[in-house]
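Reviewing the structure listed below.
Readers should treat all values here as calculations from the given coordinates under stated rules, not as data from a laboratory. Remember, predicted model here, so these are calculated numbers, not experimental data. Methodologically, a virtual Cβ is constructed for each residue, glycine included, from the backbone with ideal geometry; neighbour enumeration extends over all protein chains shown.
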Amino acid sequence: MKSIKQFIYLVFAVMFSYSYAQQTPASPQKEAISIKGATAYIGNGNQIENSIIVFENGKITYVGTDQSQAKGKVINAEGKNVYPGFIAPNSTLGLVEVDAVRASDDERELGKMLPHVRSIIAYNTESKLVESMRPNGVLMGQITPRGGRISGTSSIVQFDAWNWEDAIIKENDAVHVNWPSGFSRSGNWYDADRRYEQNKDYQKEVDELKTYFKSASVYKETSQEIDLAKRAMQGVFDGNKNLFIHVNGEKEIRDVISFQKEINFNNLTIVGGYQAHQLADELKEAGISVLIQRVHSVPNFEDDDYDLPYKLPKILHEAGVLVALEGSGDMERQNSRNLPFYAGTAVAYGLDKNEALKMITLNTAKILGIDDQVGSLEVGKDATLFISEGDALEMRGNKLMKAFIQGRDISLESHQTELYKRYSEKYENE
Amino acid sequence: MKQYIFMFCVLFGITSFAQDYFPDSKAVKSETSNYVAITSAVIHVNAQKTLKNATLLIKDGKIVEVGRSVKLPENTIVVDAPGKHIYPSFIETYSDFGIKKIQSVKRKSQPQYDANRSGYYWNDHVRPDQEAKSHFEYDQKKADKLRKAGFGVVNTHIADGFVRGTSALVALNDETSHSRLLNEKSAQYFAFDRSQQTQQAYPSSTMGFTALLRQFYHDTDAYKNGLIEDKDLAIEAFVSQENLPQVFSVENYLNALRADKIGDQFGVQYAIIGGGDEYKRIDEIAATQAAFILPVNYPKAYDVEDPYLRDYLSLSDMKDWQLAPANAQMLSEKGVDIAFTTRDLKSPDMLLKNLQKSVDLGLDKSVALAALTSVPAKLINADQHVGTLEKGKLANFIISENELFTDNFEIAENWVQGERHRYKDIHKIDIAGQYKLTINDEAFDLKIKEKSGKYSAEVKQKDFKYAAKLSFENQWLRLILSSKEDKNYKVLSAKIDEVPSLIKGKVTLENGNTTTFTAQRLQNVQEEKSDKKDKKEKEQLKFEDLLSVSYPNTAYGFKEPKQEAKKILFKNATVITGAEKGTLEQTDVLIKNGKISKIGQNLRSGNAKVIDATGKFLTAGIIDEHSHIALSSVNEGGHNSSAEVKMEDVVNPDDISIYRSLAGGVTSAQLLHGSANPIGGRSAIIKLKWGESADELIYDNSPKFIKFALGENVKQSNWGGRSRFPQSRMGVEQVFRDYFTRAQAYGERKASGKPYRKDEEMETLLEILNQERFISCHSYVQSEINMLMKVAEDFDFNVNTFTHILEGYKVADKMQEHGAGGSTFADWWAYKYEVNDAIPHNAAIMHNQGVTVAINSDDGEMIRRLNQEAAKTMKYGGVSEEDAWKFVTANPAKLLHLEDRVGTVEEGKDADVVLWNAHPLSVYAKPIQTLIEGVVYFDLEKDKKMRQEIKKERQVLINQMMAAKNKGMETQPIKKEEKEFLHCDSLDHINHKHN
């Protein structure tokens, strides 16, 4: 007991020497690590009781039940759960620090067609918000710009890095489009009951977007004629970049399906998708996946089922659509750490628990095109995973004992835990 | 196309008074005055009394006699009107007719907090001194429009501001200006509206208006009693107008009830110009005993042809389309006096067209007539002049061929003060029929047809059909004939003095020569109308076919406004009592008379409804200490203190958030004022009794609370201007010290027994000093938390609750010592600079230091899953399951001084309970049933059924709207009303208006 206490004091001492700096990124994995005895939630729908998970040089080398595979440093995790790191897609983490402080806001650019604008440039690895994700198991994110018709190019990062370059899992992974809305807001921003009116320019806006895509698809560069935006679009046509279209209404989604057929993309994902379930069959057929809007939302329409946002993931999944959860919206950055609880709520409203887990791990990785690297506890993938005391989709159970990103034993402290400890100490010492 | 044939006015019997003092430079003065008699007419003396074959005798603009045997004096001009209907002209009670346009003042760069005017009330929106008569200029064009719509007099006022001053009653008589003004001060008008003539910030919310009006009445009393020394011309005007009719114009039924309640407090009965949606809460409306003047701008059907757009349309909007035309009938059947107004109509001629919809549904015609005539006359004290056709009243009447409220009704003439205005010839000659037309010995077949007052012609010669254009106006017939090939025109014209058997007239030929024609009538063209009428009746929606009003009248509304409390026995539940007994396994809970009657094993059910709760969890309902759902308005930011405003004034029982929160297990909530100013408004503490009226939602003997706020919002860091004190945390302290010092002085004066001016703001602050009212203070950083506790201690009271309190963990020991509770978010932070140090472990630290902790939502989404938010305190800070659950039940009950009534499952407490499918602190839990006082307000099974019903009702309405469009009725594009969630931090709501 005594030694544990001493250890804790030591940790505290170390911590205070850094007080208020962000967490220091962990050093690379030096020796093999084995996690023994935990229930391994693979992320692909399966789970292994009393498992052994081994990783070396940042990669998973063994997952199974053969106890003899253990090597290197062994962590006893009996009665605990191991999960692949959760992934927050369509996120603005690291782009804004404090909502109300304009100087800390880097999430949108001026203009309309901005595929060349890249989120990775503004991504702040030292954001206090980013580090606050890790104690909840959210270890990676797709950092996505907002604004414009084509808002820019996202990149996928892991949440323990000295700088943006080191944070990259996949650079420039996708171009994001804000599809025109069939309805637009009228009235003054301060009116309580603002009406949505039909957007008279909807078709014009769709045509404009189509034209842009078509002209980008035949873009030919010469030394005298260079268009950085269209150059940035090329990845969308040659398969190097995914396309994410942010769209919610049924009619608009139907138009997106036509758009896909007309322009011919392989990797199209709908983001938001409030009414996607009304076209689930068509989406399935077209191979379009969905990043479904934040589960913790209110219904968009007064007459909707009160639990519609809770059960959208289930409805789409059961229709055979590849679904993952995203969390954009009001206070999205600070709420991103609730990603596991979004999944948990979907379970409360009918979704299978393992399916829910997939929607924040492997499904997300597939949609983002990084499933060869992360998303599940499978051999060859990054050792980006964590050990939780209990069910990580539960508020009560989501207590992280250890977390690793690419095999690195990362700190689970944050600006917030430091304050917690500091003030707990204050009262203990009084 | 203008429908009327001709229009001019003739002066019959100039209203010359005994001694005319108006000079007339335009003509030789006529000193004679004659009588005019309209004879053989059907005279509708009033809504109840009709005289057939009667005579109306008028002179000098007034009615001399009405009756069936009226003796006509010698100098009488007789207008024979056999079988024509005569009605009193209509009365418009809400108008700005002839009022010069109000110039809006320019927006200033900084908000304005003081009044512009000197010598008047401190608030520029209160303008009882405004007089219509001094802004009035007769508007002939508008007068004509109003007359065509049937009006004889209008009550006009300056439709600007809150207390708007007096109206003038004006007759729509073009010629004799000296007799036009019937009453220069006829009524006093009010509306929940800001004046365009000032930029003064206060009031900026509905509860700001209600508070201001109350204070204005108090100040009026004080002024009368000599307690206000300064001259106040506004109050003086108001006092002099106290005995006039008081008319309040509102936009919806909620504001009608709000206005009436203020009237009740000060002994004033307003006549209310309503919103047309009174049917939604008919019993409460009837209980106001106010007369309602109803607008008839019924919503047009929505264009629902595009199925993709239908989702955007709510059942409540669709139902309003169907039910709004039945509003008048429903009110009238409840015994409410009703009148009609053209307010909100694009053009007054829509009045009768729209009213017809109400009559077709079943509105009694005599009620409708009274609502246009005698009722409004009485409401504005004009019944000595107008409203009926009785001796001595003004000769204001309309003449029509057909009865009012029939399809073919059209105003033929409108007489105002004896001034005759003709729109249709009452001596109409029907020329429809089959004729043999002869021009220069050439014979043609002529067929004249009539359809809704318009004639058309068909002209044939053997098999050849001519192009024919026929018009019949002012008894002149004109027929233009051409054969298509030669484009040559023959123009036939004839004057027709009586129903023709032979028409003779002149023809102007292609070559310019003229000749004559004759048209010999052969027979009448067969009418096909009767058949059509039957069809119309069949298609016509009847009152019985309307969807029933639900409570509230939205999706998921209940059939009855009040639900019956049932005797219920929950069998074998895991009961989380939230009290000393902890969690009880396999336990029964008996609910009786709205209370938790018994808790134990194997309870006898008796006649109770038994619910098998095996494997399920029964808990107390969740209590949200900090919410802004079910409110029409949140912030009154027009002053740095708004202690006078009451959130109870603006509870909105129709907010779907109530139902959705029930589905999340919430049964009570404190609806707080926003955080726009240091001293906010008084709270409304409600139970989520979905379906009941605003007043029924509010707790009986509610504990008294008020919102205070600190930090960025009140010093306007992220919104507003730079002109309101305070702009720093230093200033915030001084605001409190200043107001409490003043409140002390006020209290002293009050206690001294000397007369004093009643001040609602000071009364509220005094309640705080006397510890009768508790503070729930929006707060973030430690310095300000500490500050308020010190201020309170200096004034000998304590701060009941710090809400948000995100740095509470830094001063938890001080809070505990002071006795303040903390109601916080589970994990919000980083949305403002002042929440940089907010940590999710806050609740745990405060709790560990002995502070009573609650977890609140402040959000329409989060309120739906506060159980999850409570569970987060177990993750962050290791709070025990038992304590975590109390954070959303027993503790907020304690903080709200409701712990004797709610918050735990204990015998004798209100039966506000929730049945969960799993432990409520699990993310996998959801409520199966939510009860308040023994009434099941949410039930998963019932919810499922309601979804089906909503679907059905929507389809019925969609089909009806499609049919309406097919019939050629005008439609409007689908719009979606979106109610934004109000939190006190989302400062987008400062200028909140309406609803």
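Checking every one of the GluC sites (Glu not before Pro) in the range B:844-939 against DSSP loop status and a limit of 10 other Cβ atoms within 10 Å picks out no site at all. Positive end of the dipole of the range A:86-374 (Cβ unit charges, origin at the Cα centre): among A:101, A:345, A:115, the Cα lying farthest that way belongs to A:115.
Computed about the Cα centre, the dipole magnitude for chain B is approximately 2880 debye when only Lys and Arg (+1) and Asp and Glu (-1) carry charge, each at its Cβ. Charged side chains reduced to their Cβ positions (Lys and Arg at +1, Asp and Glu at -1) give the range B:92-367 a dipole of some 540 debye around its Cα centre.
In a shell of Cβ-Cβ distance under 9 Å around residue A:296, excluding residue A:296 itself, what net charge do Lys and Arg (+1) and Asp and Glu (-1) give? Computed value for this residue: +2.
Counting only DSSP beta bridges whose two residues both lie in chain B, roughly 65 percent are antiparallel.
The relative contact order of chain A comes to 19 percent, based on Cα pairs under 8 Å that sit 6 or more residues apart. Here the extension length gained between residue B:609 and residue B:196 equals 142.8 nm, from 0.36 nm per residue of separation less the Cα-Cα distance. Along the axis of the charge dipole computed for the range B:92-367 (Cβ charges of +1 for Lys and Arg, -1 for Asp and Glu, origin at the Cα centre), the listed residues B:262, B:212, B:171 are led at the positive end by B:171. Other protein chain C-beta atoms within 10 Å of residue C-beta, averaged over B:854-867: 2. What the Cα convex hull of the range A:205-345 gives, in volume per residue, is 135 Å³.
Counting, for every residue in B:945-956, the Cβ atoms of other protein chains within 10 Å of its Cβ and taking the mean gives 1.
Hey, for a label at residue A:184 modelled as a point 7 Å past Cα toward Cβ, could you say which residues of the range A:147-162 have their backbone N under 18 Å away? Those under the cut-off are A:147-151.
Across the range B:213-307, how many lysine pairs separated by 8 or more positions, or lying on different chains, have Cα atoms within less than 30 Å? Count of close lysine pairs: 4. Separation of the range B:955-969 and the range B:869-930, taken as the distance between their Cα centroids, equals 48 angstrom.
Would you mind classifying the range B:433-526 by shape? Square roots of the alpha carbon gyration tensor eigenvalues, ordered a ≥ b ≥ c; an a/c under 1.5 is rounded, otherwise it is prolate if a/b is larger than b/c and oblate if not. Here the range B:433-526 falls in the rounded category.
Taken as Cα centroids, the range A:55-101 and the range B:398-436 sit 87 Å apart, rounded to the nearest whole angstrom. Legend: calculated FRET efficiency, residue B:963 to residue B:141, from the Cβ-Cβ distance at R0 = 41 Å, rounded to 0.05, equals 0.60. Packing around the peptides B:937-943, A:70-76, B:874-880, taken as the average count of other Cβ atoms within 10 Å per residue, puts them in this order, highest first: B:874-880, B:937-943, A:70-76.
Entry note, chain A: the mean residue ellipticity at 222 nm calculated from DSSP H runs of n ≥ 4, each adding -39500 (n - 2.57), is -8500 deg cm²/dmol after division by the residues and rounding to the nearest 500.
Looking at the protein assembly as shown alone, DSSP beta bridges between its own residues are antiparallel in about 65 percent of cases. Among B:724, B:729, a tally of other beta-carbon atoms within 10 Å of each Cβ gives an order, fewest to most, of B:729, B:724. As a proxy for reagent exposure, B:410, B:137 were ordered by neighbouring Cβ count within 10 angstrom, fewest first; the result is B:137, B:410.
About its Cα centre, the range B:622-902 has a charge dipole of approximately 460 debye under the convention of +1 per Lys or Arg Cβ and -1 per Asp or Glu Cβ, with nothing else charged.
Helices in chain B, meaning DSSP H runs of at least 4 residues, each add -39500 (n - 2.57). Divided by all residues, the mean residue ellipticity at 222 nm is -7000 deg cm²/dmol.
Placing a label point 7 Å from the Cα of residue A:222 along the Cα-to-Cβ direction, the residues of the range A:228-262 whose backbone N falls under 18 Å from that point are A:228, A:230-231. Cross-link pairs exceeding 27 Å in C-alpha to C-alpha distance, out of A:358/A:421; B:562/B:976; B:707/B:758, comprise A:358/A:421; B:562/B:976.
Rounded to the nearest 0.05, the FRET efficiency derived from the C-beta distance between residue B:899 and residue A:284 at R0 = 60 Å is 0.65.
The aspartates and glutamates within cross-link reach of residue B:616, meaning a Cα-to-Cα straight distance under 12 Å and a gap of 8 or more places when in the same chain, are B:585, B:588. Pull out a ≥ b ≥ c, the square roots of the eigenvalues of the alpha-carbon gyration tensor of the protein assembly as shown, then state rounded if a/c is under 1.5, prolate if not and a/b is larger than b/c, and oblate in the remaining case. Prolate shape, in that a/c is at least 1.5 and a/b is the bigger ratio. Rounded if a/c is under 1.5, else prolate if a/b beats b/c, else oblate: with a ≥ b ≥ c from the C-alpha gyration tensor eigenvalues square-rooted, which is chain B? Taking the square roots of the gyration eigenvalues as a ≥ b ≥ c, chain B is prolate. Residues B:292, A:341 in ascending order of nearby Cβ atoms (within 10 Å, fewest first): A:341, B:292.
Along the charge dipole of chain B, pointing to its positive end and built from +1/-1 on Cβ of Lys, Arg, Asp and Glu, which listed residue (B:195, B:718, B:279) has its Cα farthest out? Value: B:279.
Here residue A:204 is the anchor, and the lysines within straight C-alpha reach of less than 18 Å, apart from those fewer than 8 places off in the same chain, are A:112, A:214, A:251. For the residues of A:423-430, the average number of beta carbons from a partner chain within 10 Å of their own beta carbon is 4.
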